[in-house]
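Take a look at the structure below.
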Amino acid sequence: MTSPPPRRCGPLGTAIVGAGMIGAIHRRAAALAGARIAGVLASTPPRTEQVAVEWGAPAFPSLDALLDDDSVDVVHICSPNATHAPFAMRALAAGKHVVCEKPLAVSVTEAERLAETARGAGLVATVPFVYRYHPLVREIRARRIDGEFGGWHLIHGSYLQDWMLSPQVSGWRVDPVAGGPSRAFADIGSHWCDLVEWVSGERFAEVVASTSIAVDKRPAAGAARTFEAADPTDHSDHAEYMDVRTEDCAALLLRTASGVLASTTVSQVSAGRKNRLWFELDGARASAVFDQENPETIWLGGEDGARVISRDPGRGSAEQRRLSVLPPGHPQGYAECFEAFVADTYAAIGGHRPEGLPTFDDGLRAARITEAVLRSSRNGSWTEV
């Protein structure tokens, strides 16, 4: 068993593995949290050198070199899905704290090994289910804990995007070898389930699901063999196409351990929906609605009417106020969520226990739900999570 590293005086040394869009977001959040960017490792040596210059950070020639560097305290893994488990396992074995993009692994077995290893090593290991960090999500959760809504009658919602709408869009995520056996659900449906379970306090116990492929052929992406996604703005014709084997859409009916019925729809081909994670929680006394594309307000319903609550650092629950870093009327969004998540991860490395920090155990939970969705979509019946 690896012993946790001694606490270092001064800024944490952070290394980023993967330099696409999400890697850049990790790098920015780490820097804002006070970390020293110890270096970057991208898909190829030329790409690594290019990004190192852009970021003003050292370039690592290999993962071995990164993990052998004693100045690296935390490794952020932002590479394709199939690399998450092996890279994270190696980082934990090297005594590094880990922030791993979801899905934590492309199989439940790998996710179980990672969660167990992280617990045994005493290392901080987190997964960016960052929608937990919207201040008004925290407000709904606090009101649920206070009993404002009563017992839940119904949970429903959706997570809709359109970035895969064009048949010319492709990339490593489409290839199950690099992206895993699930695409739309593992990528965004897992976010919906994590958020709704955490806010509502319910746990999904069984599911009946159906998935569909809207575009059956997409350009064969050389990027499927690298850390980088294909450019989604490139709609030019390609000479070679591949059969699509992972879902564009999923529809789920779920039942929680306490018997509450839930449903959600997941899509990456819904025109005009850029990142609409939406849920409604209907309780015995009141209801609550959150829409990620409009995160500055929530809708609260009662039998005698409804009202809209705005984010306000001077009002509401303690966590809503803590995470409201801008004055009312100055919109916060995804970037601030990510920054708060990384700051809480680093606070945990320093010995604090931030509320709601998503760990490898939450990544394992998502892997189990994803596996149940895929099994149910194959057998067409209710399937235990």
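The values are calculated or read from the model by the stated rules, or taken from the named source; none is laboratory data. Being a predicted model, the structure only gives us computed values, none of them experimental. Note that we place each Cβ from the backbone using ideal geometry, even for glycine, and neighbour counts take in every protein chain shown. Quick note on the areas: whole protein, heavy atoms, side chains included, nothing else; ligands and nucleic acids left out. Shrake-Rupley method; radii C 1.70, N 1.55, O 1.52, S 1.80 Å.
Worth pointing out:
- Efficiency of FRET from Cβ geometry, Ala284 and Met21, R₀ 51 Å, rounded to 0.05: 0.75
- Calculated [θ] (222 nm, deg cm²/dmol) that DSSP helices of n ≥ 4 give over the chain, each run adding -39,500 (n - 2.57): -10000 deg cm²/dmol
- Qualifying trypsin sites (Lys or Arg not before Pro) in region 296-371, where qualification requires a DSSP coil assignment and no more than 12 other C-beta atoms within 10 Å, are lacking entirely.
- Taken over the alpha carbons of the chain as equal point scatterers, the Debye sum produces base-10 log I(q)/I(0) values at 0.06 Å⁻¹ of -0.23.
- Helical segments meeting 20 Å axial Cα length and Kyte-Doolittle 0.5 threshold in the chain (DSSP H): 334-349
- Beta bridges assigned by DSSP with both partners in the chain are antiparallel in approximately 65 percent of cases.
- Karplus 3J(HN,Hα) series, Hz, for region 285-301 with 6.51 cos²θ - 1.76 cosθ + 1.60 (x for Gly, Pro): 10, 7, 10, 9, 10, 10, 10, 5, 7, 9, x, 7, 9, 10, 9, 10, x
- Protein accessible area in the chain, 1.4 Å probe - carbon and sulfur %: 52 percent
- Heavy-atom surface of region 239-296, accessible at 1.4 Å and reported per residue (Å²): 42 Å²
- Put a dot 7 Å past the Cα of Ser62, heading toward its Cβ, do the same for Glu355, and the two dots end up 4.7 nm apart.
- Converting phi to 3J(HN,Hα) with the Karplus coefficients 6.51, -1.76 and 1.60 and the offset θ = phi - 60°, region 353-358 yields 10, x, 5, x, 5, x Hz in sequence order, with x at every glycine or proline.
- Gain upon complete extension [Arg378, Lys274; 0.36 nm per residue less C-alpha separation]: 34.6 nm
- Taking only the Cα atoms of region 238-385, the ratio Rg/Rh comes out at 1.01, with Rh defined as the Kirkwood radius.
- Phi angles across region 322-327 convert, under the Karplus curve 6.51 cos²θ - 1.76 cosθ + 1.60 with θ = phi - 60°, into 3J(HN,Hα) values of 4, 8, 7, 8, 10, x Hz, Gly and Pro given as x.
- The Cβ shell under 10 Å around Asp162 holds other residues with a net charge of +3, Lys and Arg each +1, Asp and Glu each -1.
- Model label zone, Ala205; criterion: amide N under 17 Å from point 7 Å along Cα-to-beta-carbon; scope region 237-279: 253-263
- Scanning the chain for GluC sites (Glu not before Pro) lying in DSSP loops with no more than 16 further Cβ atoms inside 10 Å, the longest uninterrupted stretch between such sites is 1-147.
- Square roots of five times the Cα gyration tensor eigenvalues for region 307-385, Å: 34, 19, 11
- DSSP beta bridges in region 263-385 [antiparallel fraction, %, rounded to 5]: 100 percent
- Kirkwood radius, region 1-140, all distinct C-alpha pairs, inverse of mean reciprocal distance: 15.4 Å.
- Amide hydrogen proximity for Asp248: with H placed 1.01 Å from N in the peptide plane, the residues at 5 or more positions away or on another chain lying under 5 Å are Ser212, Ile213, Ala214.
- Tail fraction, Cα-Cα pairs, region 269-330, threshold 14 Å, whole percent: 65 percent
- Built amide H within the under 5 Å cut-off of Thr383, gap 5+: Val207, Val208
- Remark: region 48-200 carries 31 Å² of accessible area per residue (probe radius 1.4 Å; ligands, DNA and RNA excluded).
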